[in-house]
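Notes to accompany the following structure.
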Amino acid sequence: MTRSIQRRPLVAANWKMNLLPREGAALARELLPRIREETGFVDVVLCPPYPGLAAVADVLEDGAVGLGAQNSHWEESGAYTGEVSPRMLLTLACQWVILGHSERRQLFGETDEGVNQRTRAALAAGLNPILCIGETLDQRDAGQVESTVLGQLDRGLDGLTAEEVLAVAVAYEPVWAIGTGRTATPEEAESVHALIRDRLREGFGEAADAVRILYGGSVKPENAGELFGQTDIDGGLIGGASLRAEDFAAIVRAATREAEQP
């Protein structure tokens, strides 16, 4: 399918609470030769848990693959036990940070307003946020996909300028398709991505056509190509499959094939 402009795909690995630092470094070393050629066409980012950031950064020192964290706070410092600031992430060579992941929202009570604060602070520090939005199964069955997803988008990006939104990637993650073995069909995913793109255009004008919208619902080597071939799907936020070097490399290769299409 034809995109209005060519957006360079982005494939980000969310390792969640998995892998000790040495295990993360080993996985990164195993992965790099498998995707070396692909990084000329696709932006690839690895997001280990906090303790593994330094070890993985050492493996990624040539910069061909980016490094990201899985969350950050909105303050630079202070009495926020258990939190990490954007400036702290910068000292570990992070360029990216995942914000508003469904697990953060569901398990740890993060709100749209808090996600917005985190997003604005990350941008101010020079990090690129991956803003996650998506509906639960109950919300989907109740016909609340559009109101839920666009509401999270609006509140997450509240106060941003068109220039700032260019540094943000949006990840649509249908919660009912994460780790369940269920996956939205490419057509179902594209329909929501198109809604997101339209809302971005309403708020940010032509900048919306440059924003990358990732799909984050159980992407696997078997379905990556068809998903990434959709008009408004610009890559993926990959969970379980990113813990296996060959599976993740296959997903990156699928993004490369789509990037090479005219």
Residues of the stretch 1-56 being out of contact with any helix residue (DSSP H, G or I) (no Cβ under 6 Å at 6 or more places or on another chain) and of a type in the set (D, E, K, R), in sequence order, are ARG3, ARG7, ARG8, LYS16, ARG22, GLU23, ARG36, GLU37, ASP43
Over the stretch 208-262, the set of residues within 17 Å of the chain's Cα centre (by Cα), over 17 Å from CYS132 (Cβ atoms) and among the basic types (Lys, Arg) is LYS220
Criterion (of a type in the set (Gly, Ala, Ser), modelled with pLDDT of 95 or more and not in a helix (DSSP H, G or I)) met by exactly one of GLY217, GLY236, GLY203: GLY236
Can you tell me which of VAL11, VAL84, VAL59 is open to solvent by less than 60 Å² (accessible area, probe 1.4 Å) and within 20 Å of ILE251 (Cα to Cα)? VAL11
Right, GLY225: modelled with pLDDT of 95 or more, more than 20 Å from ILE238 (Cα to Cα) and touching an Asp or Glu at 6+ places or on another chain (Cβ under 9 Å) or not? no
Among the residues of the stretch 223-262, which ones are touching a His at 6+ places or on another chain (Cβ under 9 Å) and either of a type outside the set (A, V, I, L, M) or in contact (Cβ under 8 Å) with a residue 60 or more places away in the chain (or both)? GLN230, THR231, ASP232, ASP234, LEU237
For the stretch 143-174, enumerate the residues that are outside any helix (DSSP H, G or I) and open to solvent by 60 Å² or more (accessible area, probe 1.4 Å). GLY143, GLN144, ASP158, THR161, LEU166
Within the stretch 125-142, residues in a helix (DSSP H, G or I) and over 18 Å from GLN70 (Cβ atoms) come out as LEU137, ASP138, GLN139, ARG140, ASP141
Give the number of residues within the stretch 14-44 that are assigned to a loop (DSSP other than H, G, I, E, B) and open to solvent by 30 Å² or more (accessible area, probe 1.4 Å). 8
Out of contact with any strand residue (DSSP E or B) (no Cβ under 7 Å at 6 or more places or on another chain), over 22 Å from VAL45 (Cα atoms) and open to solvent by less than 30 Å² (accessible area, probe 1.4 Å): is that true of ALA184 in this structure? yes
Any chance GLY205 is more than 17 Å from the chain's Cα centre (by Cα), touching a residue at least 12 places away in the same chain (Cβ under 8 Å) and at positive phi: yes
Residue identified as part of a loop (DSSP other than H, G, I, E, B), more than 23 Å from ARG199 (Cα to Cα) and within 17 Å of the chain's Cα centre (by Cα) among SER72, SER77: SER72
Out of the residues in the stretch 92-124 that are assigned to a helix (DSSP H, G or I) and small (Gly, Ala, Ser), which is surrounded by the fewest Cβ atoms within 10 Å (Cβ to Cβ)? ALA124
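The values are calculated or read from the model by the stated rules, or taken from the named source; none is laboratory data. These figures come from a predicted structure and were not determined experimentally. Reconstructed Cβ throughout: ideal geometry from the backbone, glycine too, with neighbour counts over all protein chains shown. Note: accessible area is taken over every heavy atom of the protein model, side chains too, but ligands, DNA and RNA are not part of it. Shrake-Rupley method; radii C 1.70, N 1.55, O 1.52, S 1.80 Å.
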